[in-house]
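Colleague: One structure coming up, written as structure tokens, with questions to follow.
The values are calculated or read from the model by the stated rules, or taken from the named source; none is laboratory data. Just so you know, these numbers come straight off a predicted model, no measurement behind them. Cβ atoms come from the backbone with ideal geometry, glycine included; neighbour counts cover every protein chain shown. Areas reflect the complete protein model, heavy atoms only, side chains present, ligands, DNA and RNA absent. Shrake-Rupley method; radii C 1.70, N 1.55, O 1.52, S 1.80 Å.
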Amino acid sequence: MSGRVVVIGVGNPLRGDDGVGPAAVEALRGRVPDGTALAVSDGEPARMLDLWRGADTVVMVEALRTRSARPGELHILSAADAASRTVATASTHALGLGECLALAAALDQLPPRLVVHAMEVADVELGEGLSEAVRSVLPELIDRVAASVRQAHGQDPEQ
């Protein structure tokens, strides 16, 4: 194992709340241990698999759009939870996270450890900027992701 940790913010900042993943990754710069790879992705599966190739831990940050959305609600999901939970949800990406994880599993390219930090969103219309409901919870999301990264590096998340 390489000990490589990759954080991927999935989303499109030009689609309202779908930009929560990229916004979280940008806020993590300087807040996570050296050697942590920070990336933003539009969610296209081949690019995602390429981003996490060789990683021991992948921490993803994703907008979750459900039928009964509670904007700002935070979730921490395993790969299996994320795949099953996102299959029936809407996505602004060509393929959703569930399909990406299914492809990775079929190709035996899932990382050894994958954690998905998801925030429920409602506004994914064209336009820049996060809704107030998402903006108000963004600091907590960033703290949770940073703690997951420190834990992956073997550091006490409370430090």
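Colleague: Sequence gap at least 6, Cα distance under 8 Å: using those rules, report the relative contact order of segment 9-153 to the nearest whole percent.
Modeller: The normalised contact order for segment 9-153 reaches 37 percent.
Colleague: How big is D for segment 1-77, in µm² s⁻¹ as a whole number, if Stokes-Einstein is applied with the Kirkwood radius of its Cα pairs at 25 °C and 0.890 mPa s?
Modeller: 186
Colleague: Which whole-Hz couplings ³J(HN,Hα) result when phi for each residue of segment 67-76 is put into the Karplus expression 6.51 cos²θ - 1.76 cosθ + 1.60, θ = phi - 60°, listed in order with x for Gly and Pro?
Modeller: 4, 10, 4, 10, x, x, 5, 9, 9, 10
Colleague: Provide the per-residue ³J(HN,Hα) series for segment 107-123, in order, calculated from phi with Karplus coefficients 6.51, -1.76, 1.60 and θ = phi - 60°, each as a whole number of Hz, with x at glycine and proline positions.
Modeller: In residue order, the calculated couplings are 8, 6, 10, 6, x, x, 9, 9, 10, 10, 9, 10, 10, 5, 9, 10, 8 Hz.
Colleague: Let me ask you something else. Which percent, nearest 5, of DSSP beta bridges in the chain are antiparallel?
Modeller: Counting only bridges with both partners in the chain, antiparallel ones make up about 25 percent.
Colleague: Next question. Determine the share of segment 101-143's accessible area contributed by carbon and sulfur atoms, expressed in whole percent, with a 1.4 angstrom probe.
Modeller: Carbon with sulfur: 55 percent of the solvent-accessible area.
Colleague: How do 131-141, 29-39 rank on mean C-beta neighbours within 10 Å, highest first?
Modeller: By packing density, highest mean first, the sequence is 131-141, 29-39.
Colleague: Taking amide H positions as placed in the peptide plane 1.01 Å from N, state which residues far from MET60 in sequence (5 or more) or on other chains have amide H under 5 Å from it.
Modeller: Long-range HN contacts for MET60: ILE8, VAL115, VAL116, HIS117.
Colleague: For the chain, what is the convex hull volume of the alpha-carbon atoms per residue, in Å³?
Modeller: Roughly 98 Å³ of hull volume per residue.
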